[in-house]
Each structure stands twice: as structure tokens, then as C-alpha cells.
1. Once you order the gyration tensor axes a ≥ b ≥ c over the Cα atoms, which shape class does the stretch 167-247 get: rounded for a/c under 1.5, otherwise prolate or oblate by comparing a/b with b/c?
2. Can you tell me the accessible area per residue over the chain, all protein chains present, probe 1.4 angstrom, in square angstrom?
3. Taking R0 as 25 Å, what FRET efficiency do you get between Met219 and His85 from their Cβ-Cβ distance, rounded to the nearest 0.05?
4. Would you mind counting up the charge near Leu130? Only other residues with Cβ under 11 Å from its Cβ, with Lys and Arg at +1 and Asp and Glu at -1.
5. Using a 1.4 Å probe on the protein chains only, how many percent of the accessible area of the stretch 101-226 belongs to carbon and sulfur?
6. Report relative contact order for the chain in percent, whole number only (criteria: Cα-Cα under 8 Å, sequence separation at least 6).
7. Tell me the mean residue ellipticity at 222 nm calculated for the chain from its helices only (DSSP H runs of n ≥ 4, each -39500 (n - 2.57), averaged over every residue, nearest 500).
8. Once the piece of chain linking Ile6 and His137 is laid out straight, how much longer is it, given 0.36 nm per residue of separation minus the C-alpha distance between them?
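The values are calculated or read from the model by the stated rules, or taken from the named source; none is laboratory data. Quick caveat: nothing in here was measured; it's all calculated off a predicted structure. Backbone-built Cβ (ideal geometry, glycine too); neighbour counts: all protein chains shown. In case anyone asks, the SASA skips ligands and DNA or RNA and just uses the protein heavy atoms, side chains included. Shrake-Rupley method; radii C 1.70, N 1.55, O 1.52, S 1.80 Å.
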Amino acid sequence: MRHNDIIIQSVSELLSAISEQHGKDLVWYRGHADMAWALAPSLARRDHGLDAEMALIKRFQQDAVHLVKEMPQHDWDWLFLMRHHGVPTRLLDWSESPLVGLYFAVEDNNETNGVDGMLWCLDPYALNELSGFARPHARELPCFVVDEDLDLYLPKRVKADPPHTRTGPAAAIAQRRFLRLYAQFGVFTIAHRDVTPLDRLGEARHVWRYVVPADRKEMVRRELALLGLTRVKLFPELEHLADVITQEVLG
């Protein structure tokens, strides 16, 4: 752990810490069930991932057109849909809700049992200022589809840029066209060719983190469930409803 990491053992401790330190600030949250995971987009964690980006998009679009209820209207919508269904992208998804972020920090699965969880926090304004992506108004964030300068990050544009291009990551909001994005209060950071983990950029004053000890994860999960933060709430689809009610009734 880092010297400035704050240990969180309950939902109330997290909310108190946030209120005391960043009560009126805009903060985004991202939970990692394993604190060792890098704060980098999924495509950056794969060998030659950037080179394969267009191939992934084409293959996804090939069959997804028959499976989606509402056809994506823009290239960005395709990327959001891919990201929320597990396809590696240059997007890193965050939430405006600390409880949603905490849910993913304590998520129960075989790979993360017995390891500490991590709740990352991001100041999106500070990241954009660091990347030279600040807006005219101090409280304005760029919006995908609306702000054309974000189109520099579209896969076709990145692929066409010279290999030495190193545009910094941007924090941006999006129209929440998909139910998962809406349910999770979703927002994003997007990397260009430079996929350096966000906590290694500059002096990293734009990010900080809370640690959830492994032996407190189960209790925090129970607290979140009492507050209505269940998998079906964040993934509002029939298969997840089936998982939740089966667990509730049959254990």
C-alpha cells in the first residue's frame, strides 16, 4: 500500500471520509476487486492490443447488429456497448456514485477472494487540465458525440495518427443511451496512444484511493445489498435477475 492510502472497513466509513475530504468536489469512482490491478484500459493490458482495436470493433459489429434492441447511432455508442459487454477498449469506465465504485471493489469472485480491494477516485477536471484538455468553463466536461475535439480519440483517427502521437487521456461524459450505463451512473476516461496508467501520470494529484481489506469485503457487500446495490441493480438484465433471486431463495 501507499503511505496515503485510506483503509475503509464499512460503507459509513467511506461516506464519512468522502464527506470530510471532498464533500463539494466532483469525484469519479472506480472499484478494483484486486488492488494489484493497473489503472489502465483493458486494451492496454493486452499484447499488441492497440493494433487489434479495429479488428475487435469489426467482429463485434458483425453479429451484434442482430442482438441489440437499439442500434448504436455513433461510433462512440459502439465503443460504450463493447466496453459494457467485456470487449477490450481504450475506455476506462468510472461512476459518479461512490457506492457503485465500492460495489466493484468488493465484488465476489474466485479470482479475488482473499485479496484487498481498491476504490480509485478521480478528479476529472484535474486530469483534463494535466492533459491540456481543459474546457472554457471551470466546471465543464467534454461530452462524447457533442464535442468534436474528442473525435481525436476515435479508433479510426488513432489508427491514422503517426505512431509517435502521444495525446493525453481525457475524462468525458456521455449520453447514457444504454441501461447499464444509466444504472451505473457511468462516465469514462479515454486513452489515445499513450496508455500509461492514470496513477503514473505527472504527480498523480488527480487520483487517490481507498483500500478495503479482504476480510471486510463480505460485510461491505452485505451493507451495499441492504442499500439496494445488487448485481441486478447495476446490470439490469434478465440473466442477472435470475442469479440474484436464485441466490436469495436457494442460497
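1. Judged from the Cα gyration tensor, the stretch 167-247 comes out oblate (a/c at least 1.5, b/c at or above a/b).
2. Value returned for the chain: 54 Å² of accessible area per residue.
3. 0.25
4. Residues near Leu130 contribute -2 overall.
5. With neighbouring chains kept in place, the figure for the stretch 101-226 is 50 percent.
6. 29 percent
7. -9500 deg cm²/dmol
8. Net length gain for the segment: 44.0 nm.
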